[in-house]
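Every number here is computed from the coordinates shown, using simple stated rules; none is lab data. Computed from a prediction, not measured in an experiment: that's the story for all the values here. Cβ coordinates were reconstructed from backbone atoms using ideal geometry, including for glycine residues, and neighbour counts include every protein chain displayed.
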Number of protein chains: 2
Amino acid sequence: MPPLHPLLLKLERALPLTPAERTALASVPIRVVEVEADEQVIRTGDRPSTSFMVLEGFLATSKLTPEGRRQIMTFHIPGDLPDLLSLHLEVLDSDIWTLSDCRLAYMEHADLWPLCQEFPRLTAYLWRITLVDASIFREWVLNVGQRPALPRIAHLLCEIMARMEVAGLAHDGSCPFPITQSVLAEATGLSIVHVNRTLQDLRAQGLLSVGRGRLTIHQRAALADLAGFHIEYLHLRTLAPGWASRTTT
Amino acid sequence: MPPLHPLLLKLERALPLTPAERTALASVPIRVVEVEADEQVIRTGDRPSTSFMVLEGFLATSKLTPEGRRQIMTFHIPGDLPDLLSLHLEVLDSDIWTLSDCRLAYMEHADLWPLCQEFPRLTAYLWRITLVDASIFREWVLNVGQRPALPRIAHLLCEIMARMEVAGLAHDGSCPFPITQSVLAEATGLSIVHVNRTLQDLRAQGLLSVGRGRLTIHQRAALADLAGFHIEYLHLRTLAPGWASRTTT
DNA sequence: CGCCTGCTTGACCTCGCTCAAGGCCCGTGG
DNA sequence: CCACGGGCCTTGAGCGAGGTCAAGCAGGCG
């Protein structure tokens, strides 16, 4: 077991834990697994008896149309719990793929149950995590349903940057970005070709740089404005600096 | 207080309750409110101290683009708890509108908390409800992002019919449907004009009838096939008859 | 009766898609 | 060290699904 239990680390950042909660959390056994890029870790129909936390790497939740068209509905970054929902949903309805090499920390549901029984505050916090995920899905419906290509892609990039910052993985408006244009296309419902041209447009406006595994946002206010990005839907409790809130606009 | 507490009624259908759970549930005070059509019951930024259950009528959760374009991300029918998420999300990020005259049963969070503290099984069930909502959002991202207009609208109609059946509000493939074409447009990300023409197409194929407040599906297998509708994402525990499951295909 | 809301139709236009090539970078093997 | 191959990115040309604009129509209600 590593010096600091990842789940403990994550929760401790969000709410002050009692000693009892801390020991209970720390005693949840975890199994760390390394997975290569482009592997499917969850497939539709799975009934997992574990959930995992992302320690390193990017993943995406996606679904397939019967015709084979793939839509990504969210990205997962370190600290996320992509299949926490399997705690209460017997059969999963989506696929989860690694987008890069990943390190994942698996926990048995059987170990999580008693924790939730005994510590309602932990339950509440885990529940909340899944509610924030749901909020992100709602924003994506809006994004894909209503925004033209340019703000659509801009919005996606704003979200990723904001979340990477919160995770402490971005510095000076720049973060790792192992997401190809073809994956971007699957996340936005656009064609690869159009994603390419739209990115060129964003670059030409001097708003950002993307490529070679990095994303850098040069003018976040302008980009967020173009995207119609309002950070509230991420429900951060520690205010993220630099992103305008809805009331500011 | 009505003879049968609505929340009790809903949970009882899903899991066998202990007497203690039953009395605890029944003792949650509710306030029934009647709301007219086209009223906004929740607005972005609200911090409600209550959650409500739909007793009668239709509602929709929606978000606005800064340019004023509206996207509906889900519909709510009787038995749903549209803002249950406010139990753990301090500030709401979406609007909720009535689409028809509604009867809503409001419950204080303050009354729900102790319930969750004491009865983990009830917590688990409420949590699960929010996870199913999230699953619906995921399917909508797919729907809006990947499906052409015809299957997109067909999918939406399949979902509503399936959910109405589960709620016991549909008979012989027919259910109340107080949803105008313009609302359908906002739910699918299509223009009103295109929704109109697409509905005509579906009607012409003899698959369904829509209009004057009713939806009737004549050939559900054909419609579901056209839509790529697979009911699993609704996570029904009582199998819904007549809808092909993914394994059947 | 007249109006308002929702439905329908036609004509035209455009954003984003498809198809098809070509280019770049990097890792692998000769 | 260089040739080769395979992702991934880029570009061009043509097209089509769905959008916009602008009317007309029908039914329910005051």
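Conditions (1) of a type outside the set (G, A, S); (2) without any contact (Cβ under 8 Å) to a residue 12 or more places away in the chain; (3) within 11 Å of chain B (Cβ to nearest Cβ), marked per residue:
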site	(1), (2), (3)
A:L81	yes, no, no
A:S100	no, no, no
A:E108	yes, no, no
A:D133	yes, no, yes
A:L142	yes, yes, yes
(request) Report the residue count in segment A:115-131 for those that are more than 8 Å from chain B (Cβ to nearest Cβ) and of a type in the set (F, W, Y). (result) 2
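Select from segment B:162-189 the residues that are aliphatic (A, V, I, L, M), without any contact (Cβ under 8 Å) to a residue 60 or more places away in the chain and within 16 Å of DNA strand C (Cβ to nearest atom) and write down the one among them that is surrounded by the most Cβ atoms within 10 Å (Cβ to Cβ).
The selected residue is B:L184.
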(request) Take the residues in segment B:229-244 that are aliphatic (A, V, I, L, M) and within 11 Å of another protein chain (Cβ to nearest Cβ), then tell me which one is farthest from DNA strand C (Cβ to nearest atom). (result) B:L236
(message) If I ask for residues that are closer than 23 Å to A:A124 by Cβ and either surrounded by fewer than 22 Cβ atoms within 10 Å (Cβ to Cβ) or at the interface with chain B (Cβ under 9 Å from one of its Cβ atoms) (or both), which ones from segment A:52-76 would you list?
(response) A:V54, A:T74
(message) I'm checking my understanding of the structure. Among residues of segment A:22-47 that are within 14 Å of chain B (Cβ to nearest Cβ) and surrounded by 15 or more Cβ atoms within 10 Å (Cβ to Cβ), which one is nearest to DNA strand D (Cβ to nearest atom)?
(response) A:I42
(request) Please specify each residue of segment B:193-227 satisfying the condition of being within 13 Å of DNA strand C (Cβ to nearest atom) and either within 22 Å of the chain's Cα centre (by Cα) or surrounded by 18 or more Cβ atoms within 10 Å (Cβ to Cβ) (or both). (result) B:V195, B:T198, B:L199, B:L202, B:L208, B:S209, B:V210, B:G211, B:R212, B:G213, B:R214, B:L215
(message) Which of the numbered conditions does A:S86 fail, given that it passes all the others? Conditions: (1) more than 16 Å from the chain's Cα centre (by Cα); (2) of a type in the set (G, A, S); (3) at positive phi.
(response) (3)
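Considering only segment B:129-173, state which residues are of a type in the set (F, W, Y) and more than 16 Å from DNA strand D (Cβ to nearest atom).
Passing the criteria: only B:F137.
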(request) Determine, yes or no, whether B:D38 is in contact (Cβ under 8 Å) with a residue 24 or more places away in the chain, under 22 Å from the mean Cα position of the chain (by Cα) and at positive phi. (result) yes
(request) For segment B:174-228, enumerate the residues that are more than 12 Å from DNA strand D (Cβ to nearest atom), outside any helix (DSSP H, G or I) and within 14 Å of chain A (Cβ to nearest Cβ). (result) B:G228
(request) Would you confirm whether any residue within segment B:142-149 is surrounded by fewer than 17 Cβ atoms within 10 Å (Cβ to Cβ) and charged (D, E, K, R)? (result) no
